[in-house]
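What follows is a short report on a single structure.
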Amino acid sequence: MYTFSSKLKTLSFILMAVGILGIGYGFYTAPKDIQEVEALLAAESHGGHGEAKHEVSAEAGAAHDATDSHNVAAADKKVEDSKVVMAIETDTAKVMNETTVAPVEVVSKINREKHVVNAEEEHAEHLNHVLHQLQNKPWAAFYVACIFFMLVSLGVLAFYAIQQVAQAGWSPVLFRVMQGITSYLPVGSVIFFIILLLSGFHFNHLFVWLDPAVVAADKLIANKAGYLNFPFWIIRAAIFLIGWNLYQYYSRKNCLAQDEANDNLNYKKNFNISAIFLVFFIVTESIMSWDWIMSIDPHWFSTLFGWYVFSSFFVSGITVIALVTLYLKSKGLLEHVNTSHIHDLAKFMFGFSIFWTYLWFSQFVLIWYANIPEEVTYFITRIEIYNLPFFAAVTMNFIFPLLILINTDFKRITWVLVMAGVVMLLGHYLDFFLMIMPGTVGDRWFIGVSEIASILFFLGLFIFVVFTALTKSPLLPKRNPFIDESKHFHY
């Protein structure tokens, strides 16, 4: 039996505590009204860095003011010119001024007033837009970390179900590790569902299509209202989360019952429900990616997106299995797990990194080459505004694992796998960051307190839940039909 280390438990509590403080700070410092936003933009403009870094949003208000001044000055100049011309043309300047210039001045004044009003409305609209972006920032940071850790556990659950259906002989000695990691899924699901509910009740602006005013003004979003509406959306979310968690509960229950049974009935039950789950999973995973990620940019779509999201959290889940296994091995546990098991996990890490890259490149190159405005703007935004994380994600999720894990010997070296695993997990967090942040905060992004604190909170919660679950049962499933094959797995 595994005993939860007091040091590791303390670390998990510290991470959660620091994370909660940082998350609270992020919400507390978010601007509350447009006056704060206007002061912030003015400070950025005077500081100089705002113009260089976020010229589009930070300087828009100043640009509006400059345009107003220029147009008003131009209007004044036209009026003065008209006065001079009319005075020269006739000796009856006084009469002409009374009958002609006055109306011109009145019209010019009205036009100037209309222009000023329009400019003020545009400026107020821009400030309100930036306010929503800045208020979204702590919400979006929390959302990215929440969905990432939840989907990591879902990826492990899918990998576990595949092992059951494939009747794999190499992996049963790792089943308890997988079950421990999937124990986070119920906790993560509850937190995530609460965020969805808060979004539906307009506590944030993560999903613009939840705003009736936006739907009324946008024909493209209005055409999707039959699908993208809060009741149907939240019902789908409930069905997905409940379905995944039911499989997680019953598969673990049957696996534990198999240890005490005299036949393989529980194993056969697990085989059957795993096959059903995989069909349910492959459908719901695609719809989930549309509902919870792609709908953040409701004008954009990609037919590859479901597979792309799957590849990201699936390889992350396998990486977490490898890291937890290596940690337990370092504590003298999992005595039947040998270098061949570790090597297989590393091969899956490498293989699905290449699969992720294939989908990333396929999605990118087809959209970029077609150059359809509705689609290509998705990548233009990320390349121009999110340049550093965009290319960092490709480097960390493809180039780095390619160079490190292509070597057979490296797949068996603990420190190499730990280094590769940490880099890959950070890279796939960046991948989710890039999928979600541009549609929620626009160019007001940076990885600051809210983002780091959210990662720390969910990392601490993940460690606490997973390693607590590992203490609940023996780390070796005793009566799995393939356990002996798994114990002696070598090649």
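The values are calculated or read from the model by the stated rules, or taken from the named source; none is laboratory data. Keep in mind that what you see is a predicted model, and the values were worked out from it rather than measured. Backbone-built Cβ (ideal geometry, glycine too); neighbour counts: all protein chains shown. Ligands, DNA and RNA are excluded from the accessible area calculation, which covers all protein heavy atoms including side chains. Shrake-Rupley method; radii C 1.70, N 1.55, O 1.52, S 1.80 Å.
Tell me, which helices (runs of 4 or more DSSP H) lie completely within region 202-302 with 1 or more residues that are touching a residue at least 12 places away in the same chain (Cβ under 8 Å)?
219-223, 230-260, 265-292
Can you run down the residue pairs with Cβ atoms below 8 Å, 6 or more apart or on separate chains, where the first is in region 310-336 and over 25 Å from ALA145 (Cα atoms) and at pLDDT below 95 and the partner is open to solvent by less than 20 Å² (accessible area, probe 1.4 Å) and of a type in the set (S, T, N, Q)?
Taking only residues 6 or more apart or on different chains, the pairs are LEU334/THR325; HIS336/SER486.
Among the candidates VAL190, VAL215, which residue alone is at negative phi and open to solvent by less than 80 Å² (accessible area, probe 1.4 Å)?
Of the residues listed, the single one that is at negative phi and open to solvent by less than 80 Å² (accessible area, probe 1.4 Å) is VAL215.
Pull up region 359-378, narrow it to residues that are part of a helix (DSSP H, G or I) and more than 30 Å from ALA420 (Cβ to Cβ), then point me to the one that is most open to solvent (accessible area, probe 1.4 Å).
The extreme case among them is TYR369.
Within region 410-429, take every residue that is touching a Pro at 6+ places or on another chain (Cβ under 9 Å) and in contact (Cβ under 8 Å) with a residue 60 or more places away in the chain and give me the one that is surrounded by the fewest Cβ atoms within 10 Å (Cβ to Cβ). Before the answer, list the steps.
Here is the first cut: in region 410-429, the ones touching a Pro at 6+ places or on another chain (Cβ under 9 Å) are 420, 423-424, 427.
Next cut, in contact (Cβ under 8 Å) with a residue 60 or more places away in the chain only: 420, 424.
Values: ALA420: 26, MET424: 29.
By that ranking, first place goes to ALA420.
Quick check: anything in region 471-488 in contact (Cβ under 8 Å) with a residue 60 or more places away in the chain, farther than 29 Å from GLN258 by Cα and buried (at least 20 other Cβ atoms within 10 Å of the Cβ)?
Checked against the condition, which is being in contact (Cβ under 8 Å) with a residue 60 or more places away in the chain, farther than 29 Å from GLN258 by Cα and buried (at least 20 other Cβ atoms within 10 Å of the Cβ), region 471-488 yields no hits at all.
Here is a list: PHE462, PHE432. Which entry is among the aromatic types (Phe, Trp, Tyr) and open to solvent by less than 10 Å² (accessible area, probe 1.4 Å)?
PHE432
Could you tell me which residue of region 319-334 is nearest to LEU157 (Cα to Cα), considering only residues that are buried (at least 21 other Cβ atoms within 10 Å of the Cβ) and among the hydroxyl-bearing types (Ser, Thr, Tyr)?
THR319
Regarding LYS411, is this residue of a type in the set (D, E, K, R) and within 21 Å of ARG252 (Cα to Cα)? Spell out how you get there, then give the answer.
Details: of a type in the set (D, E, K, R): yes; within 21 Å of ARG252 (Cα to Cα): no.
No; evaluated as a whole, the condition is false for this residue.
THR381 - would you say it is open to solvent by 40 Å² or more (accessible area, probe 1.4 Å), touching a His at 6+ places or on another chain (Cβ under 9 Å) and of a type in the set (S, T, N, Q)?
Values: open to solvent by 40 Å² or more (accessible area, probe 1.4 Å): yes; touching a His at 6+ places or on another chain (Cβ under 9 Å): no; of a type in the set (S, T, N, Q): yes.
So THR381 does not fit the description; no.
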